[in-house]
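Worksheet for the structure shown next.
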Amino acid sequence: MAVNKYSRQREAIKEYLAHTKEHPTADMVYMNIRQTYPNISLGTVYRNLNLLAEQGEILKINCKDGSDRFDWNCDPHYHFLCKGCGRVMDIEMESIDHINVIAGASFPGKIEGHVTFFYGQCPDCCQ
């Protein structure tokens with residue numbers, strides 16, 4: 001695996017993601033990072049987000065609307081996607097890893113994990 005040289009912009013992106021509970025789009029990250037690095041390009045933000053996701057440093061969440069959201073928390077956890085406003089939120093809940101065993105019982109291959117999204121209306125959209 002190639003070693004990537006240090007990048008202040010990449011570190012700023014990581015720092016931003018580490019300090020937000022939101023699951024921002026690349027555009028949202030770009031707008032925030034531009035405050036510190038006004039000359040950064042949207043392409044640089046996209047490349048760095050994709051690189052960090054490929055390296056397993058962040059999660060890339062593919063949403064139903066075609067957008068990608070990014071999450072600093074790489075620990076196994078579940079997400080809620082609001083059908084009203086498009087917000088992505090973490091759901092604090094007990095693990096449902098036993099679903100791997102259930103799926104494996106009727107699948108001839110090897111189940112190694114799962115991705116689960118919950119959909120509906122977020123608390124703000126329910127108001």
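The values are calculated or read from the model by the stated rules, or taken from the named source; none is laboratory data. On a predicted model such as this, the values are computed, not experimentally measured, just so you know. Glycine also receives a Cβ, built like all others from the backbone with ideal geometry; neighbour counts cover every protein chain displayed.
Please go through the range 82-127 and give me each residue that is β-branched (Val, Ile, Thr) and under 18 Å from THR25 (Cβ atoms), ordered by number. I'd like the intermediate steps shown before the answer.
So in the range 82-127, the residues β-branched (Val, Ile, Thr) come out as 88, 91, 96, 99, 101-102, 111, 115-116.
Across the range 82-127, the qualifying residue is only VAL88.
A single entry from ILE40, ILE58, ILE33 fulfils the requirement of being closer than 19 Å to THR116 by Cβ and surrounded by 11 or more Cβ atoms within 10 Å (Cβ to Cβ): ILE58.
Out of the residues in the range 39-55 that are part of a loop (DSSP other than H, G, I, E, B) and either of a type outside the set (Gly, Ala, Ser) or modelled with pLDDT under 95 (or both), state the one that is nearest to LYS14 (Cα to Cα). Even if it seems obvious, please write down each step before you answer.
Taking the range 39-55 and keeping what is part of a loop (DSSP other than H, G, I, E, B), we get 39-41, 55.
Cutting the leftovers down to either of a type outside the set (Gly, Ala, Ser) or modelled with pLDDT under 95 (or both) gives us 39-40, 55.
Details: ASN39: 18, ILE40: 15, GLN55: 13 Å.
Ranking the candidates gives GLN55 first.
Criterion first (within 25 Å of HIS114 (Cα to Cα), crowded, with 18+ Cβ neighbours inside 10 Å and not hydroxyl-bearing (Ser, Thr, Tyr)) does PRO24 satisfy it? Yes, satisfied.
Considering the range 12-21 alone, what residues qualify as being surrounded by fewer than 12 Cβ atoms within 10 Å (Cβ to Cβ) and either modelled with pLDDT of 95 or more or outside the structural domain of GLU57 (by TED's automatic domain parsing) (or both)? Reasoning before the result, please.
Of the residues in the range 12-21, the ones surrounded by fewer than 12 Cβ atoms within 10 Å (Cβ to Cβ) are 18-19, 21.
The answer is ALA18, HIS19.
Annotation note: Cβ proximity below 8 Å between a residue of the range 38-49 that is assigned by TED's automatic domain parsing to the domain that holds PHE70 and a residue that is loosely packed, with under 14 Cβ neighbours inside 10 Å and among the acidic types (Asp, Glu) (sequence gap 6+ or interchain) occurs for LEU42/ASP27. Scanning the range 56-80 for residues that are in a loop (DSSP other than H, G, I, E, B) and in contact (Cβ under 8 Å) with a residue 12 or more places away in the chain yields GLY56, GLU57, ILE58, CYS63, LYS64, ASP65, SER67, TRP72, ASN73, CYS74, PRO76, HIS77. The residues on offer are ILE96, ILE102, and the sole one that is in a loop (DSSP other than H, G, I, E, B) and of a type in the set (Val, Ile, Thr) is ILE96.
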